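Note sheet for the following structure.
The values are calculated or read from the model by the stated rules, or taken from the named source; none is laboratory data. If you're wondering where the values come from, they're calculated on a predicted model, not measured in any experiment. All Cβ positions, glycine included, derive from the backbone under ideal geometry; neighbour counts span all protein chains shown.
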Amino acid sequence: MKMKKYTAETMVDAMKKVRADFGDDALILSSNVVKSKGFLGFFKKKSVEVVAGFDEPTLKMEEPVLPFLSPSFESTDKTSIELKKEMFEMKTMLKEMQQSANHSRLPENVKPLLTHLEKQGLSAEFITQIGEEIFDRMKAEKKDFTHEEQYLIAKDFLERTMRDLPFGGVSFNKKYINVLGPTGVGKTTTIAKIAARALLEKKKKIGFITTDTYRIAAIEQLRTYANLLQAPVEVAYNSQDFEKAIAKLADRDLIFIDTAGRNYKEVKFVEDLTKLIDFSLDMESFLVLSMTSKEQDMKIIVEQFKAFSIEKFIFTKMDETSSIGPMFNLMKDHSIGTAYYTDGQEVPEDITEADYQTLITLLLKGAYDA
Ligand SMILES: Nc1nc2c(ncn2[C@@H]2O[C@H](COP(=O)(O)OP(=O)(O)OP(=O)(O)O)[C@@H](O)[C@H]2O)c(=O)[nH]1
Ligand SMILES: [Mg+2]
């Protein structure tokens, strides 16, 4: 993979540069907003730093390659996919070895807890830290701990890791609530749930803008919810429409922005968003991820959206999984907390404002079930 780092004033400019070099198939490997120090805290400048990569096309099978006639075949082919795969496998193996070495230092009665956390999909690093903590405390107190005592240590460790991150639903301090995320994760349904609660429980005047104009059904889906809530919907096909929608909904307390689910691993779709939505508005942006997605894919999506100042995550489809470890891994790795989690299709019932204590209880639940 070819990689290159770009710095630009805005995400849009950075994306343009990436696209000029690598085209539509570029992958964003990381993105960050960097602030220059400025003079005595004045003249601070924000810029966006993006690392992008491009996978070079590998050998096509139909190419007449005769390995025995070409001594370099094995090595050239290996440099591409094979090597990357081997590296990945080796890293995974090393991690597992390190982890089991750590586990083997621990007494037998700690294993059910660590095995439970593994099943929950908590990262090896996280589990090792918890194991170490229990081990150190046992050493210090020169005794084995009961399951209850271990549970409390794990709970305490998880709480310390999570307590400084932001948790809880919309703040109601910002007028615009922007909901982003890949296809089909539950963005529109979740918007309807949050909006209904804002209207029913907080008596807010709500409105909607949808920028999801790729499918007629998407507009209709949002309209159906908006009609039930007797709230206006504006459709924005381009940035001019978006500005007009903002003006039309000026009297609203809260405006929910629904976006199209696209394959956001591709730069061009992320770039489309920046062209359409005015991210400089007084806006809270949430990234919606489904707990049924693969963790590796979620990680890439989070990287792609980092420069959008994601306030918090929203995790959906909790009802369709029994392992919620990846949620903790993502929060810890990116220092982003969680606003809500959803656990069903019913609007507005199936949504809960997240707090870390409840999530930790859910993660540890069943640790000692035989
Ligand atoms: N089981 C379950 N299903 C959910 C949950 N949230 C949403 N869904 C379902 O997931 C499907 C997709 O939901 P949408 O809200 O249309 O998802 P979206 O992200 O807006 O989809 P696109 O706009 O196409 O990207 C629908 O069938 C929802 O009912 C949840 O928490 N649990
Ligand atoms: Mg949608």
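For the condition outside the structural domain of ASN263 (by TED's automatic domain parsing), basic (Lys, Arg), surrounded by fewer than 22 Cβ atoms within 10 Å (Cβ to Cβ) and free of Cβ contacts under 8 Å to residues at least 40 places away in the same chain, what is the one hit in LYS365, LYS294?
It is LYS365.
Tally time: how many residues in the range 237-277 are over 20 Å from ALA26 (Cα atoms), of a type outside the set (D, E, K, R) and more than 14 Å from ligand 2 (Cβ to nearest atom)?
The qualifying residues number 14.
Confirm whether ALA198 is surrounded by 15 or more Cβ atoms within 10 Å (Cβ to Cβ), away from ligand 1 (no atom under 16 Å from the Cβ) and in the same structural domain as ASP319 (by TED's automatic domain parsing).
yes
Restricting the search to the range 201-218, which residues are within 11 Å of ligand 1 (Cβ to nearest atom) and crowded, with 17+ Cβ neighbours inside 10 Å?
THR210, THR211, ASP212, ALA218
Being among the small types (Gly, Ala, Ser) and out of contact with any Ser or Thr (no Cβ under 7 Å at 6 or more places or on another chain) is the filter here, so list the residues in the range 219-248 that pass it. Explain how you work it out, then say what you get.
Here is the first cut: in the range 219-248, the ones among the small types (Gly, Ala, Ser) are 226, 231, 236, 239, 245, 247.
Residues satisfying the conditions are ALA226, ALA231, SER239, ALA245, ALA247.
Any residue in the range 313-325 that is of a type in the set (Lys, Arg) and not in a loop (DSSP other than H, G, I, E, B)? Talk me through it step by step, then tell me what you get.
So in the range 313-325, the residues of a type in the set (Lys, Arg) come out as 317.
The next check asks that each one be not in a loop (DSSP other than H, G, I, E, B); those that pass are none.
No, the range 313-325 has no match at all.
Among residues belonging to the range 287-303 that are in contact with a Gly (Cβ under 8 Å, 6 or more places away or on another chain) and closer than 23 Å to TYR214 by Cβ, point out the one that is nearest to ligand 2 (Cβ to nearest atom).
Among them, the one singled out is VAL288.
Of all residues in the range 138-188, how many are within 16 Å of ligand 1 (Cβ to nearest atom) and not basic (Lys, Arg)?
12
Has the range 129-148 got any residue that is in a helix (DSSP H, G or I), without any contact (Cβ under 8 Å) to a residue 12 or more places away in the chain and within 20 Å of LYS365 (Cα to Cα)?
The answer is yes, given that some residue of the range 129-148 is in a helix (DSSP H, G or I), without any contact (Cβ under 8 Å) to a residue 12 or more places away in the chain and within 20 Å of LYS365 (Cα to Cα).
From the set of residues in the range 300-321 that are out of contact with any His (no Cβ under 9 Å at 6 or more places or on another chain) and without any contact (Cβ under 8 Å) to a residue 40 or more places away in the chain, which is surrounded by the most Cβ atoms within 10 Å (Cβ to Cβ)?
Out of the qualifying residues, it is PHE315.
Name the single residue, out of those in the range 152-190 being among the aromatic types (Phe, Trp, Tyr) and crowded, with 17+ Cβ neighbours inside 10 Å, that is farthest from ligand 2 (Cβ to nearest atom).
Once the filter is applied, the top-ranked residue is PHE157.
Among (1) closer than 23 Å to GLN357 by Cβ; (2) at pLDDT 95 or above, there is one condition GLU311 misses while meeting the rest; what is its number?
Result: GLU311 fails condition (2) only.
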